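Down below is the structure, laid out as structure tokens.
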Amino acid sequence: MKKLIGLVLTGLLAAGCATSTIESRTRERAVAYAALSPEWRDLVSHSQIKVGMPMDAVYIAWGKPTQVFVSESSDGTSTTWRYQATTYQEYRYWTHSYYGGGRYGYAYAAPRLEYDYVASPYVAAEVVFEKGVVKSWQNLSQPKP
């Protein structure tokens, strides 16, 4: 449990040092935000996107993508943004504690069950753009442990 608390605190501290918020991204791309329709500004301010939105609106709503792919088909060029998230899966294992009574004393091993948490990244969302606007998007579910 101490390890999990340490991981959570470390994550919160790291996130606090380099946090990108909707407000900071709106300031960063103020001209693009001002050019959005009132409906899209409302969606963006609530971290929502919609088919037809420009890339800047998605960036403001969801932030910088983890991965960017450019592909080409007979329909033309498309750009795909992927957003990753992390889940923590419990990992259990047996270990032994050694107890002893000195150089000539007794020694025995007591088995005990330990656990730790392993970080597993996964693709949480994907947005496909054609001609600079959202063609399709999807949220993907967190993998089951």
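The values are calculated or read from the model by the stated rules, or taken from the named source; none is laboratory data. Note that the structure is predicted; figures quoted are calculated from it, not measured. All Cβ positions, glycine included, derive from the backbone under ideal geometry; neighbour counts span all protein chains shown.
From the list T86, T80, T26, T19, the lone residue that is loosely packed, with under 15 Cβ neighbours inside 10 Å and either of a type in the set (K, R) or at pLDDT 85 or above (or both) is T86. Looking across the stretch 35-77, the residues that are assigned to a strand (DSSP E or B) and exposed (fewer than 11 other Cβ atoms within 10 Å of the Cβ) come down to V70, S71, E72, S73, G76. When you check T87 against the structure, is it among the hydroxyl-bearing types (S, T, Y), farther than 16 Å from V127 by Cα and in a strand (DSSP E or B), yes or no? Considered against the rule, which asks whether it is among the hydroxyl-bearing types (S, T, Y), farther than 16 Å from V127 by Cα and in a strand (DSSP E or B), T87 comes out as yes.
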